[in-house]
């Protein structure tokens with residue numbers, strides 16, 4: 001795996017689209033920058049904020065699965 005230095009930048013066009021335009025991602029040492037292809041406006045997000053969001057999404061998903069399993073168990077108990 002290559003470690004990005006603070007001065008290095010990797011730019012990739014994604015398959016994701018927003019309002020008909022491809023989303024372009026730029027990775028730097030501490031930040032992910034998003035923009036629409038052909039546009040100059042950029043949105044920078046710290047990489048740790050993206051990681052935090054991902055973990056929160058996993059936690060919500062696990063809680064929903066747990067709640068659904070509990071609900072299914074209750075239905076079986078009431079059916080007997």
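Summarised in one figure, the compactness ratio Rg/Rh of the range 10-79, Cα atoms and Kirkwood Rh, is 1.28. Segment residue 42..residue 11, full-extension length gain: 9.9 nm, with 0.36 nm per residue of separation and the alpha-carbon distance subtracted. Gain on full extension, evaluated as 0.36 nm per residue between residue 52 and residue 31 minus their Cα-Cα distance, stands at 6.2 nm.
The calculated FRET efficiency for residue 2 paired with residue 64, based on their beta-carbon distance and R0 = 41 Å, is about 0.70.
Below 8 Å, C-alpha to C-alpha, sequence gap of six or more: please give me the relative contact order for the chain in percent. Averaging sequence separation for qualifying contacts and normalising by length gives 17 percent for the chain. Can you tell me the orientation of helix 47-79 relative to the chain, as the angle in degrees between its alpha-carbon axis and the longest Cα principal axis, to the nearest 10? Once rounded, one gets 20 degrees.
Laboratory data are not the source of any read-out in this text; all were calculated from the coordinates shown. Note that the structure is a prediction, hence the values are computed from the model and not measured. Glycine also receives a Cβ, built like all others from the backbone with ideal geometry; neighbour counts cover every protein chain displayed.
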